[in-house]
Amino acid sequence: MPSTVEGFDAARTAARLPVRAGESRWVAPEVVAVYRDLQADLTRLQGEVTEANADLEDLLDDPGGAGDDQADTGSRALEREQALTMVNTLRDMIVHTELALARLVAGTFGVCESCGEPIGKARAQAFPRAVLCVACKQREERR
Ligand SMILES: [Zn+2]
């Protein structure tokens, strides 16, 4: 695998990315793999959000017939809410994916935003959008 993609220097990033004690250093092909995964996610998510948006607009455009009973009105409201939630969730995922890519390019990928310690290479590979180490994540969840 090449160590450079689209002007992004994976070898330089690999040299800068932190690892936890006992983990091997990042190497360029691993960085490229994460980068490509995130890029592929981004492309997929952008397609999904476009579709979800179209669904939502269809639902919003449909005024419902005069003959609709209350149950229909209720289920349409629920459908709209679900479509809106879907769009928001996808938009959130896109933002987090873009941020992960930016961190990778900047060489700050894999650093815990809370304590500044390495998130860990294994965790960063499994959850490339993670911004907290396991300890900080657990602390946050207990709150
Ligand atoms: Zn932390």
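Before moving on, here are some points about what is shown:
- The chain, relative contact order in percent, only Cα pairs under 8 angstrom and at least six apart counted: 28 percent
- Rounded to the nearest 500, the helix-only mean residue ellipticity at 222 nm of the chain stands at -22000 deg cm²/dmol, with each DSSP H run of n ≥ 4 adding -39,500 (n - 2.57).
- Gyration tensor verdict on the stretch 22-143 (Cα atoms; rounded if a/c is under 1.5, prolate if a/b is larger than b/c, oblate otherwise): prolate
- Dipole magnitude for the chain: computed about the Cα centre from +1 point charges on Lys and Arg Cβ and -1 point charges on Asp and Glu Cβ, it is near 1480 debye.
- In loop segments of the stretch 17-52 as defined by DSSP, there are no GluC sites (Glu not before Pro) with at most 10 further C-beta atoms inside 10 Å of their C-beta.
The numbers here are math on the coordinates, done by the rules we state, and not lab data. Since this is a predicted model, take the numbers as computed values, not measurements. All Cβ positions, glycine included, derive from the backbone under ideal geometry; neighbour counts span all protein chains shown.
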